[in-house]
Structure formats: C-alpha cells, structure tokens
Amino acid sequence: MKVFALTGAGVSAESGLGTFRSVDGLWSRFDPMRLATPEGFAADPAAVHEFYNLRRRNMAAAAPNAAHFALTELETRLEARGGELFLCTQNIDDLHERAGSRRVWHMHGEIARALCLHCGTRRDWREDLAVGLACPRCGRAGGLRPDVVWFGEVPYGMEEIEAALETADLFVAIGTSGSVYPAAGFVARAGDLGIPTMEVNLEPSDVAGLFGESLYGPATETVPALVARLLG
Ligand code: OAD
C-alpha cells in the first residue's frame, strides 16, 4: 500500500508551534504580505529575518508530538511490508525529521536552511539570519534569506509530488486548512484519479466536501488512531 500524506500546521500545533489561520494564528498577528513574499523581503529584510529567527528558535524549543511519531511508525511499518509512505509537508519545521521520519518532502522549504540570492546555494542554517551576514559560499553579504517558499513562489519538488500522488493508493490530508494552493488542490487531483481520500483535522477544512472520509479531533489522537487502522 502506498499512502500519500500531506501535513500542515495543525500537525505541529500540539507541539506549541502556532498555526496560521486560527483566531489567534500567525497571520492574524503578522502581515503575510510583509513577511512571506519576495517583495516584503526586498522592502524590509530585517523585519522578515526577525520573524523567521523567532520561528526558528520556537521550533528548536519544541518537540515532536504523538502525531509526528505515528507517521514515523507508519513509514517504517509500511516499508517493512513493501509499501510506502510519501510524506509531503507544508510545514517549514523539522518535527517530522526529529520524530524519525526518514523521507520528508518540504514543499514550502525549511526554516533550518538558508538560500543565497546571489549564488543560489541552499544550505543548513540553524542560527539567526541577519542582513549583514555574508554567504559562506560566495562571500557576498545581503543575499541570505530563509529557504522557505513565499507567496508568489513555486513550491519545491512539484514534479516528484505529482508523480507520487498519481501512484498513491490513499491520499490523507492532516492538519491543513485547505486554503493554500497548490497543496489545497491535491484532494481534487486524487479524486479525479479515483484515489480514496481522507481528511484528518481539528475541524472541516475549506475543501472538506471533496474528501471521501473524514476524522475530526486533535492530531495527537486522530493520527495515531488512523495509523493503527491503516496497519491493523
Ligand atoms: P493553517 O493555519 O491554514 O491551517 C491549520 C489547520 O490545522 C486548520 O484547519 C486547523 O483547524 C487545524 N488544526 C489546528 N490545530 C490542530 C490540531 N491540534 N490537530 C489537528 N488539526 C489542527 O495551516 P496550513 O494549512 O498548514 O505557507 O497552511 C498552509 C500554508 O499557509 C503554510 O504552509 C504557510 C501558510 O501561509 C506559507 O507561508 C507560504
């Protein structure tokens, strides 16, 4: 069995990392057009660095939860049976990896990596970023940015993601509001391909009506229950 799992901020919510669109979510307190667009970075890079530096520190202080660990178990046990978990996340945190997941597709990039706008080098980066820092590769200052995908940019790995979706036996969306494309469109694509679909979320998402099945509740309860069912 090949499972395609798409995760969003809801999977890390119980680890203490905020979601974007809840009442007190990140985008209710911060302006995404200022902090999560190439134009916003060009206009005020220091403000963008401050926002992501804080998020990088919050991530380092957080720990994976039962939902992350359950997905690791699913990956391991499916592989032992000749199956596969394709874990595609919109999250820029590293909690799936720290829970032991071996293969994670970060379609929106990773907060623990930096991208140099001068030479294009992408590298691990766990420290704060700042405007005056020089790229260790090309030596030029002012070009380092968080290696995350912003609004208006193309997510990473779309070809591999599309290929994995086409060959999946089950599509599961976990902890995502279904409001940001292209990820929000995966359920419609899976439906067109005749692949069974399931939504696992705290509440119905914006695209809830497109799923064949749904499981609502906190991810630390629903994801382990789902994994037990899939492996049972
Ligand atoms: P959102 O904040 O839009 O949605 C999070 C979803 O998780 C909501 O539907 C919540 O109901 C649900 N949720 C909250 N707590 C939960 C819990 N404990 N268990 C299960 N579900 C829970 O976050 P995403 O859908 O991930 O992109 O957002 C998608 C993209 O929008 C992000 O990757 C980011 C953001 O702007 C960029 O920055 C480009």
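The values are calculated or read from the model by the stated rules, or taken from the named source; none is laboratory data. Small disclaimer: the values here were computed from a predicted structure and weren't measured. Quick reminder, even Gly has a Cβ in these numbers, built from the backbone with ideal geometry, and neighbours come from all protein chains shown. Each accessible area value is taken on the protein alone, full model and side chains, heavy atoms only, with ligands, DNA and RNA left out. Shrake-Rupley method; radii C 1.70, N 1.55, O 1.52, S 1.80 Å.
So in the chain, what percent of DSSP beta bridges are antiparallel if you round to the nearest 5? All intermediate terms of the calculation are to be shown ahead of the outcome.
Working: 9 of 31 bridges.
Antiparallel: roughly 30 percent of the beta bridges in the chain.
Considering amide H positions built from the backbone, and no H for Pro or chain starts, which residues 5 or more places from L170, or on another chain, come under 5 Å of its amide H?
So L170 has HN proximity to K2, F4.
Averaging the inverse of every distinct alpha carbon separation and then flipping it gives the Kirkwood radius. What is it for the range 82-181, in angstrom units?
Numbers: mean 1/r = 0.0655 Å⁻¹.
About 15.3 Å, per the Kirkwood formula over Cα pairs.
At a 10 angstrom cut-off on C-beta neighbours, averaged per residue, how do the peptides 67-74, 150-157 rank from highest to lowest? Don't skip to the end; give the middle numbers.
Values: 67-74: 24.0, 150-157: 14.2.
Averaged packing, sorted descending, gives the order 67-74, 150-157.
Please report, in debye to the nearest 20, how large the charge dipole of the chain is about its Cα centre when each Lys and Arg carries +1 at its beta carbon and each Asp and Glu carries -1 there.
Numbers: 21 positive and 30 negative charges, 133 e Å.
Result for the chain is approximately 640 debye, rounded to the nearest 20.
Taking all protein chains in place and a 1.4 Å probe, what share, in percent, of the accessible surface of the range 124-232 do carbon and sulfur account for?
Numbers: 2760 of 5300 Å².
The computed percentage sits at 52.
With n ≥ 4 as the cut-off for DSSP H runs, can you work out [θ] at 222 nm for the chain, using -39500 (n - 2.57) per run divided by the number of residues, rounded to the nearest 500?
-9500 deg cm²/dmol
Taking C-beta distances below 4.7 angstrom as the pairing criterion, name the unpartnered cysteines of the chain, in sequence order.
C88 - these cysteines have no disulfide-compatible partner (Cβ-Cβ under 4.7 Å) in the chain.
In whole Å, largest first, what are the principal axis extents of the Cα atoms in the chain?
53, 37, 34
Farthest toward the dipole's positive end in the range 5-103, which of A43, N53, T7, given Cβ charges of +1 (Lys, Arg) and -1 (Asp, Glu) about the Cα centre?
Positive-most Cα among the choices belongs to T7.
Before I look further, what does the range 1-126 give for accessible area per residue, probe 1.4 Å, in whole square angstrom?
Working: 5570 Å² over 126 residues.
Accessible area per residue: 44 Å².
What are the ³J(HN,Hα) couplings of the range 2-12, residue after residue, when phi is run through the Karplus curve with 6.51, -1.76, 1.60 and θ = phi - 60°? Round to Hz, x for glycine and proline.
Karplus values, whole Hz, x for Gly and Pro: 10, 9, 9, 10, 10, 10, x, 4, x, 6, 9.
Farthest toward the dipole's positive end in the chain, which of G178, L215, T72, given Cβ charges of +1 (Lys, Arg) and -1 (Asp, Glu) about the Cα centre?
T72
Return one quarter of the surface area of the convex hull spanned by the alpha-carbon atoms of the range 42-110, equal to its mean projected area, in nm².
Values: hull surface 20.3 nm².
Averaged projected area of the range 42-110's Cα convex hull equals 5.1 nm².
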